[in-house]
Amino acid sequence: QVQLVESGGGLVQAGGSLRLSCAASGSIFSINNMGWFRQAPGKQRELVATITSGGSTNYAAYEKGRFTISRDNAKKMAYLQMNSLKPEDTAVYYCTADIVAIYYWGQGTQVTVSS
């Protein structure tokens, strides 16, 4: 059984930084794409960033270079470094992983940015 667990969320002031982590566990031979999505109250879940097993990345336009996604394939981990955070970045951040063409999701971690 595959499980994704996010960590690293919290409360931070505008302009601050946070680093989110996602740990995958279970019967996993390999992970294809991994990614981060977020969902703010009253809004739809939206893409933050994705990364392939080879390290190619894709970011949402609104990030404008503030976020960096990375992964450690050996540890089955993904990370999201978020800098220059803004109040509008407040949301629950979810990790996702493509494992044998099935997308798994974590339970989410809350990020709150105060002004």
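The values are calculated or read from the model by the stated rules, or taken from the named source; none is laboratory data. In this text, all values refer to a predicted model and were calculated from it rather than measured experimentally. Cβ atoms come from the backbone with ideal geometry, glycine included; neighbour counts cover every protein chain shown. Side chains included, ligands, DNA and RNA excluded: accessible areas come from the protein's heavy atoms. Shrake-Rupley method; radii C 1.70, N 1.55, O 1.52, S 1.80 Å.
Among residues of the range 37-66 that are in contact (Cβ under 8 Å) with a residue 24 or more places away in the chain, those with a beta-carbon under 8 Å from a residue that is in a helix (DSSP H, G or I) at least six positions away or on a different chain give the pairs R38/D89; A40/E88; V48/E63; A49/E63. hydroxyl-bearing (S, T, Y) and modelled with pLDDT under 95: does that describe S70? No; evaluated as a whole, the condition is false for this residue.
Taking the range 62-115 as the region of interest, the strands (runs of 3 or more DSSP E) fully inside it that hold 2 or more residues being under 17 Å from Q44 (Cβ atoms) and β-branched (V, I, T) are 91-99.
Here the strands (runs of 3 or more DSSP E) wholly within the range 1-61 that include at least 3 residues being open to solvent by 30 Å² or more (accessible area, probe 1.4 Å) are 3-7, 18-25, 46-51, 57-59. If the Cβ limit is 8 Å and pairs must be 6+ apart or interchain, which residue in the range 100-112 that is closer than 29 Å to K86 by Cα pairs with which residue that is assigned to a loop (DSSP other than H, G, I, E, B) and at pLDDT below 95? If the second residue must be assigned to a loop (DSSP other than H, G, I, E, B) and at pLDDT below 95, the pairs left are Y104/V2.
Screening E6, E63 for residues that are out of contact with any helix residue (DSSP H, G or I) (no Cβ under 7 Å at 6 or more places or on another chain), modelled with pLDDT under 95 and of a type outside the set (A, V, I, L, M) leaves exactly one candidate, E63.
When the range 79-103 is filtered for residues that are crowded, with 18+ Cβ neighbours inside 10 Å and at pLDDT below 95, only I99 remains.
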